[in-house]
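Engineer: One structure is given below, represented as structure tokens, and several questions about it will come after.
The values are calculated or read from the model by the stated rules, or taken from the named source; none is laboratory data. The structure displayed is predicted, hence computed values, not measured ones. For neighbour counting, all protein chains shown are included, and Cβ atoms are generated from backbone atoms with ideal geometry for every residue, glycine included. Only protein heavy atoms, including side chains, enter the accessible area calculation; ligands, DNA and RNA are left aside. Shrake-Rupley method; radii C 1.70, N 1.55, O 1.52, S 1.80 Å.
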Amino acid sequence: MNIKSLLLGSAAALVAVSGARAADAVVVAEPEPAEYVRICDVYGAGYFYIPGTETCLRVGGYIRYDAGFGDVGAKGGRNTVDVLNGDDQHSWNKLTRFALRTYTGQETELGTLKTFTETRFNFKNGGTEVDAHFAWIQLGGLRIGADETAYDTFIGYAGNVVNDTLIPYGVKETNLISYTFDAGSGFSALVSLEQGSGKASRVTRPGDTWVSADNTIDSYVPHVVGGAKYKGDWGSITGVVAYNSNFEEWAGKIRLDVKASSDLSLFVMGGYGSDKHIDRNFYKPWGGNWAVWGGGTYKVNEKAAFNAQVSYDDNKTLAVAANVAYTIVPGFTITPELDFVREGNWGKADYLGSWTKADRKNSWGGIVRFQRSF
């Protein structure tokens, strides 16, 4: 074998081996493009696009720990019995709550489509309950679902104190269909058809006995709420009126909010309602025909705010509440509060139950709240 033949043979062998190796090579596929979560800033902070959709979602809520003491209100102290000797005594009224909230938003040809839910998991004095507090759909100005009555949400709550219902003004859950019309230039109006919920107090013998009655509608006729509002840079003025279809009773509230300065905001709200058939109901939970609430918030500094409320009703019940809300770190606030009630012509009791005549007395109490919001 000559050198030329040897070289040709070696080259052929190398080509064959290289070809075999090329045939066996692994081809790596191109990676699928990753779909990252996109931030949605159309509806505020915390929203993101649900992957594959144009719907924006936000998840939030809070964890709250309340410790109530004294004799005032449902959130005050708790009456109990000594387990060893049976003596009546007082104890803390404790509530721990985890509230989970979801918000969605999406732009459509008929306006902004929104939803809101809030589920509350409550552990109170050793017992647990779950409350589906809010669950509504809103398209433009139309809202449908479970909400607090528009009689309260449209006009606003009575200040920033914890026990703001020492003289009750509302805050009740209901199924509803409502529509809010934004007329521009600060003017808006609302109408709401509502189912109601809970119990009311009906008088059977004036000046003597009160018994429970149903506040949920008893026919196909809904309760009706209407309202109007004007809002400017200085504050706002709002009025609402409600018709209870069960008892054919009327009630209304009017409210003035004023921004006195960059650090001080004030409000006053008055309510009036009929009581021909029933003393206290879904839209007039205060005693007598009328009641008034007033108060405000003063921002002491970046961390602390002072809140106060004074209220009085036709039954001559006087209530005062004051607290300091202190933000320890962003998102975590502690609020110690003191409350006072001078009872009127009728003993202080849960108006959803029965009422009996009682001597007037002074009651003190309060609450300490710890809340982490996210």
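Engineer: Averaged over every viewing direction, what's the projected area of the C-alpha convex hull for the stretch 140-299? Give it in nm², one decimal, please.
Structural biologist: Projected area, direction-averaged: 10.0 nm².
Engineer: Please list Arg372, Arg143 from largest to smallest accessible area, probe radius 1.4 Å, with all protein chains kept in place.
Structural biologist: Details: Arg372 115, Arg143 55 Å².
Correct descending sequence by accessible area is Arg372, Arg143.
Engineer: What's the center-to-center distance, using Cα atoms, between the stretch 287-326 and the stretch 243-280 in Å?
Structural biologist: About 15 Å separates the Cα centre of the stretch 287-326 from the one of the stretch 243-280.
Engineer: Also: Give the separation of the Cα centroids, the stretch 115-192 to the stretch 36-85, in Å.
Structural biologist: If we compute the Cα centre of each part, the gap is 14 Å.
Engineer: Here's a follow-up. Which of the pairs Lys199/Lys231; Lys75/Lys231; Lys75/Lys316; Lys199/Lys253 have their Cα atoms more than 30 Å apart in this structure?
Structural biologist: In this structure, Lys199/Lys231; Lys75/Lys231 exceed 30 Å between Cα atoms.
Engineer: Output the peptides 116-126, 173-183, 147-157, 37-47 sorted from most to least packed, where packing is the average of other Cβ atoms within 10 Å over each peptide's residues.
Structural biologist: The peptides rank, most packed first, as 147-157, 173-183, 116-126, 37-47.
Engineer: 7 Å from Cα along Cα→Cβ at both Leu95 and Asn79: what's the point-to-point distance in nm?
Structural biologist: With each label point 7 Å from Cα toward Cβ, the separation is 1.9 nm.
Engineer: Turning to a different aspect of this structure: So how much slack lies between Glu129 and Asp87, counting 0.36 nm per residue of separation and subtracting their Cα-Cα distance, in nm?
Structural biologist: 12.2 nm
Engineer: Hey, another quick one. Could you work out the mean projected area of the convex hull around the alpha carbons of the stretch 66-105, in square nanometres to one decimal?
Structural biologist: Seen from a random direction, the Cα hull of the stretch 66-105 projects 4.2 nm² on average.
Engineer: Further question on the same structure: Starting from 0.36 nm per residue, how many nanometres of slack lie between Val324 and Thr102 once their C-alpha separation is accounted for?
Structural biologist: Between Val324 and Thr102, full extension yields 77.0 nm more.
Engineer: Quick one: what are the phi-derived ³J(HN,Hα) couplings along the stretch 90-105, Karplus 6.51/-1.76/1.60 with θ = phi - 60°, whole Hz, x for glycine and proline?
Structural biologist: Taking θ as phi minus 60°, the curve returns 10, 8, 5, 9, 9, 9, 10, 10, 10, 10, 9, 10, 10, 10, 10, x Hz for the stretch 90-105.
Engineer: Also, I was wondering about something else. Could you give the nm distance between label points at Asp41 and Val191, where each point is 7 Å from its Cα heading toward the beta carbon?
Structural biologist: Going by the 7 Å Cα→Cβ label model, 4.0 nm.
Engineer: For Ile50, Ile167, what's the largest-to-smallest order of accessible area, 1.4 Å probe?
Structural biologist: Ile50, Ile167
Engineer: Let me ask something additional. Describe numerically, in nm with one decimal, the distance between label points set 7 Å from Cα along Cα→Cβ at Tyr179 and at Tyr220.
Structural biologist: Those two pseudo-labels are separated by 2.0 nm.
Engineer: Where q = 0.13, 0.21, 0.29, 0.32 Å⁻¹, what log10 of I(q)/I(0) comes from the Debye formula for the stretch 252-300, counting one point per Cα?
Structural biologist: -0.41, -0.71, -1.01, -1.13
Engineer: Using the Kirkwood radius built from alpha carbon pairs, what does the Stokes-Einstein equation give as D for the stretch 34-101 at 10 °C and 1.306 mPa s, in µm² per second?
Structural biologist: Translational diffusion coefficient: 99 µm²/s.
Engineer: Rounded to whole Å and ordered largest first, report the semi-axes of the equivalent ellipsoid of the stretch 73-176 derived from its Cα gyration tensor (root of 5λ).
Structural biologist: Semi-axes, largest first: 37, 16, 10 Å.
Engineer: Further question on the same structure: Within the stretch 270-342, what whole-number % of the accessible surface is contributed by carbon and sulfur, with the 1.4 Å probe and all protein chains included in the calculation?
Structural biologist: Values: 2060 of 3110 Å².
Here carbon and sulfur together make up 66 percent of the probe-accessible area.
Engineer: What is the stretch 211-312's relative contact order, in percent, from Cα pairs under 8 angstrom and six or more apart in sequence?
Structural biologist: 19 percent
Engineer: Here is a follow-up. Tell me the volume per residue, in Å³, of the convex hull enclosing the alpha carbons of the stretch 143-192.
Structural biologist: 85 Å³
Engineer: Above 21 Å lies some portion of the pair distances; for the stretch 116-202, what is it as a whole percent of all C-alpha pairs?
Structural biologist: The calculated P(r) of the stretch 116-202 puts 43 percent of pairs beyond 21 Å.
Engineer: List the GluC sites (Glu not before Pro) within the stretch 242-318 that fall in a DSSP loop (any state other than H, G, I, E or B) and whose Cβ has at most 10 other Cβ atoms within 10 Å. Working shown, then result.
Structural biologist: On the way: sites: Glu248, Glu249, Glu302; in loops: Glu248, Glu302.
Taking the stretch 242-318 and a limit of 10 other Cβ atoms within 10 Å, the loop GluC sites (Glu not before Pro) found are Glu302.
Engineer: Order the peptides 186-198, 102-114 from the highest to the lowest mean number of other Cβ atoms within 10 Å of their residues.
Structural biologist: Descending mean neighbour count gives 186-198, 102-114.
Engineer: Working out 0.36 nm times the residue gap between Ala228 and Val258, then minus their Cα-Cα distance, what length gain in nm do you get to one decimal?
Structural biologist: Extending this stretch completely gives an extra 9.1 nm.
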